[in-house]
Amino acid sequence: MKISDSIINIGAKTFDIDLFEGQYPAHNGMRYNSYIVLDDKITLFDGVDKLVVDEWKANLLSNLNGKNLDYFVISHLEPDHSFSIGEVVKLFPNVKIVTNQKSITLIKQFYDIDVTDAVIVTDGSTLNTGKHTLKFITAPMVHWPEVMMTYDEYDKVLFSADAFGRLGAEDTLDDWLDEAREYYTNIVGKYGVQVQNILKKLANTQINAICSLHGPIINENIGYYVDIYNTWSSYKAEVNGVFIAYASVYGNTEKVAYMLKDMLEAKGIEVCISDVARSHSSENVAKAFKYSSMILASPTIDGDMFPIMKDFIHHLISKNYQNRQIGFIENGSWASQSAKQMKLLFENSKNIAFLENVVSIKSAYNDTNYPALCALADELTK
Ligand code: FEO
C-alpha cells in the first residue's frame, strides 16, 4: 500500500487473534503496519508481530525487488513490532539498526542480536537517506519508555509508533473513533501527560499523513485526529452524558440502573449502559472515558461490591481516569456496603466529584426508592 511515491506500507492484517496484547479482545482483527522508504538509501520502519510475519516478509522482499536494505529504524520494542527484527538482520546482515539507547537495552533483553554497529539517535537527531531527511522524536511512555516517532521532512509524514493506532484489521478511517478510543484508553490512557508532551512537540509541524503501527493511515483531516488525542490525553470528556456501569445478580440492581437510564433519556441526556459482567473491562474503560459522568450500580457481596465491578474500577483507575463526576446505586439485602466500597476505590483519583444522592435499595426496588432515584437524575442534569 503506497503512502507516497517513495513510502510503502508492507504490514499485514490478521483475524486470527483473540486478545491483542494478551488482554484486549480484538473482535475485528488487528493490523500491524511496517513501512519502507525508498530513496538512495532504503529504510525500513519496524517489524511486525509473529501472527503476520510470513506475509510481512513476503511484502518486504517483493517491494525491495532485489534491492538491499540500508537502515532499519526501530521505534518500539514491544514484540508486536519487534518480533521480526531477527528476520531483518538475518536477511540483510549489513543493515544498520537505527534506534535510541533505551531501545538498545531492550533489544538485548528480548533478543540475541548484535547491536554493536547500531546508529544511536536522540531527540531531534536526523538521518538523510537521499531526498528524505528523517527526524527522530522521542516519545517516552507513548507507549513504552523507548518509543520514538520519526518525521519525514520530505513527504511530511509522521511515523507515530503506537500513537493514533486502533484495534481492528481494516484500513479505512470510517469506523476509526470507537476502535481508536478503546485502543488509546487501554494502552496509553495512563500516560496522558506524556501524550500531551508529544502533541506539544508536534504542534508546529505540518503533517500530511500519520503512519501508525496499527490501523489505517491517517491522510485527511489531521487536525481532527490530533484534537481527539488532545481530548483523551487531557482527560476531558468527549460527550456530555452518562455512562451507567452495573452488575446485578438477579436483575434487581439492573432494573434500577435501567430506570435511571430512562429518566435521564427523558430529560434529553445521552446515556450508555453496560453490564460489567457481560462485557469486557476494556470496552467499559473506553466508555467511561467518553462520557462526562458515570454511575456505578452494584449489589453488596461479602461486605463489598460485586467482584467484576471491582475489577472494572481497578482497570479504570489504573488508566488515571479523572475529571469526572461519579454517582452510585447500591443494593444490599441486610448490610449495604457497595456504594461506600466503590467510592473508596477512587480516593486517590484526581478531580472526581461524587454525586450527593446515592440510591440504596434493599433486595428489590420499591416506591420508597423513587425519590432518591429522581434526586440522582436531577443532580445529573444540573
Ligand atoms: Fe503496538 Fe506498544 O505496541
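The values are calculated or read from the model by the stated rules, or taken from the named source; none is laboratory data. Everything numeric in this text was worked out from a predicted model, so none of it was measured. Here the Cβ is made from the backbone with ideal geometry for all residues, glycine too, and neighbour counts use every protein chain on show.
This table checks each residue for (1) buried (at least 16 other Cβ atoms within 10 Å of the Cβ); (2) in contact with a Cys (Cβ under 9 Å, 6 or more places away or on another chain); (3) part of a strand (DSSP E or B).
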| residue | (1), (2), (3) |
| --- | --- |
| ASP5 | no, no, no |
| LYS41 | yes, no, no |
| LEU60 | yes, no, no |
| PHE72 | yes, no, yes |
| SER75 | yes, no, no |
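How many residues does the range 122-131 contain that are over 29 Å from ILE187 (Cβ atoms) and in a loop (DSSP other than H, G, I, E, B)?
Residues of the range 122-131 over 29 Å from ILE187 (Cβ atoms): 128-131.
Pick out the ones that are also in a loop (DSSP other than H, G, I, E, B) and you get 129-131.
Here the count works out to 3.
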Scanning the range 79-93 for residues that are surrounded by fewer than 20 Cβ atoms within 10 Å (Cβ to Cβ) and not hydrophobic (A, V, I, L, M, F, W, C), the one farthest from the ligand (Cβ to nearest atom) turns out to be PRO93
Over the range 141-157, the set of residues touching a strand residue (DSSP E or B) at 6+ places or on another chain (Cβ under 7 Å) and under 18 Å from TYR184 (Cα atoms) is MET148, MET149
Every listed condition ((1) more than 21 Å from LEU60 (Cα to Cα); (2) more than 16 Å from the ligand (Cβ to nearest atom); (3) in contact (Cβ under 8 Å) with a residue 40 or more places away in the chain; (4) buried (at least 16 other Cβ atoms within 10 Å of the Cβ)) holds for SER103 save (2)
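Within the range 111-146, can you find the residues that are within 13 Å of the ligand (Cβ to nearest atom), of a type outside the set (A, V, I, L, M) and modelled with pLDDT of 95 or more?
In the first step, residues of the range 111-146 are kept if they are within 13 Å of the ligand (Cβ to nearest atom); the result is 139-146.
This time we only want the ones that are of a type outside the set (A, V, I, L, M), so: 140, 143-146.
The answer is PRO140, TRP144, PRO145, GLU146.
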Of the residues in the range 358-378, those that are buried (at least 17 other Cβ atoms within 10 Å of the Cβ) and either in a loop (DSSP other than H, G, I, E, B) or within 28 Å of the chain's Cα centre (by Cα) (or both) come to VAL358, TYR365
With the first residue restricted to the range 15-38 and required to be touching a residue at least 40 places away in the same chain (Cβ under 8 Å) and within 13 Å of the ligand (Cβ to nearest atom), and the second required to be of a type in the set (Phe, Trp, Tyr) and part of a loop (DSSP other than H, G, I, E, B), Cβ contacts under 9 Å at 6 or more apart or on different chains are ALA26/PHE15; MET30/PHE15
Those residues of the range 165-189 which are among the basic types (Lys, Arg) and under 18 Å from HIS76 (Cα atoms) amount to ARG166
Checked the range 302-360 for anything in contact with a helix residue (DSSP H, G or I) (Cβ under 7 Å, 6 or more places away or on another chain) and modelled with pLDDT under 95; matches are none
